[in-house]
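The values are calculated or read from the model by the stated rules, or taken from the named source; none is laboratory data. Nothing here was measured: the structure is a model prediction, and the numbers come from that model. Cβ: placed from backbone, ideal geometry, glycine included. Neighbour counts: every protein chain shown.
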Amino acid sequence: MGRMGIAIKRIYESPEAPDGYRVLVDRLWPRGMTKERAALDLWMKDVAPSPQLRKWFGHDLARFAEFRAQYIAELDANAAAEELLRICAEYPDVTLLYAAKDPQVNHALVLRDYLEDATAAK
């Protein structure tokens, strides 16, 4: 769990009570996932990286640092990021759900850090 109650989790993992408010942060619906199994509270497509950035990144570890910088710039100009910050302030526990296979190289990590940093700065 992050320091402000923001966690990340693959959407394919089973929902659990400690997840709190569950937000899918992918632009595309995860393959093979039903709405019932996802147990979402919200799907925030617009907080995901732009299609161009996502395609350029391709989950390539060598591009992760540059991806992080570009995605943060997108988040800074994104009203959906502000909305997600409000949600994080409203709920004690928020879990950001993503479909990427690599738990160490994905946009949800960047988004969680961004939200935690923005919350700490306020």
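Could you count how many residues in the range 85-111 are over 14 Å from PRO49 (Cβ atoms) and assigned to a helix (DSSP H, G or I)?
So the count comes out to 6.
Quick one: which residue in LEU61, LEU53, LEU42, LEU24 is in contact (Cβ under 8 Å) with a residue 40 or more places away in the chain and crowded, with 16+ Cβ neighbours inside 10 Å?
LEU24
Residue by residue through the range 66-99, note down the ones that are surrounded by fewer than 18 Cβ atoms within 10 Å (Cβ to Cβ), small (Gly, Ala, Ser) and touching an Asp or Glu at 6+ places or on another chain (Cβ under 9 Å).
ALA79, ALA80
If we keep just the residues of the range 109-122 that are more than 15 Å from ASP60 (Cα to Cα) and among the hydrophobic types (A, V, I, L, M, F, W, C), which is surrounded by the most Cβ atoms within 10 Å (Cβ to Cβ)?
Checking each candidate, the answer is LEU111.
Specify the residue that is farthest from LYS35 (Cα to Cα); the eligible residues are those in the range 55-84 that are outside any helix (DSSP H, G or I) and at pLDDT 95 or above.
ALA77
Given the conditions (1) modelled with pLDDT under 95; (2) under 13 Å from the mean Cα position of the chain (by Cα); (3) not acidic (Asp, Glu), which single one is not true for PRO92?
For PRO92, the failing item is (2).
Any idea which of (1) without any contact (Cβ under 8 Å) to a residue 12 or more places away in the chain; (2) of a type in the set (S, T, N, Q); (3) part of a helix (DSSP H, G or I) is the one SER14 doesn't satisfy?
The single condition SER14 does not satisfy is (3).
Just to be sure before I move on: is ALA48 of a type in the set (Gly, Ala, Ser), touching a strand residue (DSSP E or B) at 6+ places or on another chain (Cβ under 8 Å) and surrounded by 17 or more Cβ atoms within 10 Å (Cβ to Cβ) in the structure I sent?
Taking the combined requirement at face value, the residue does not satisfy it.
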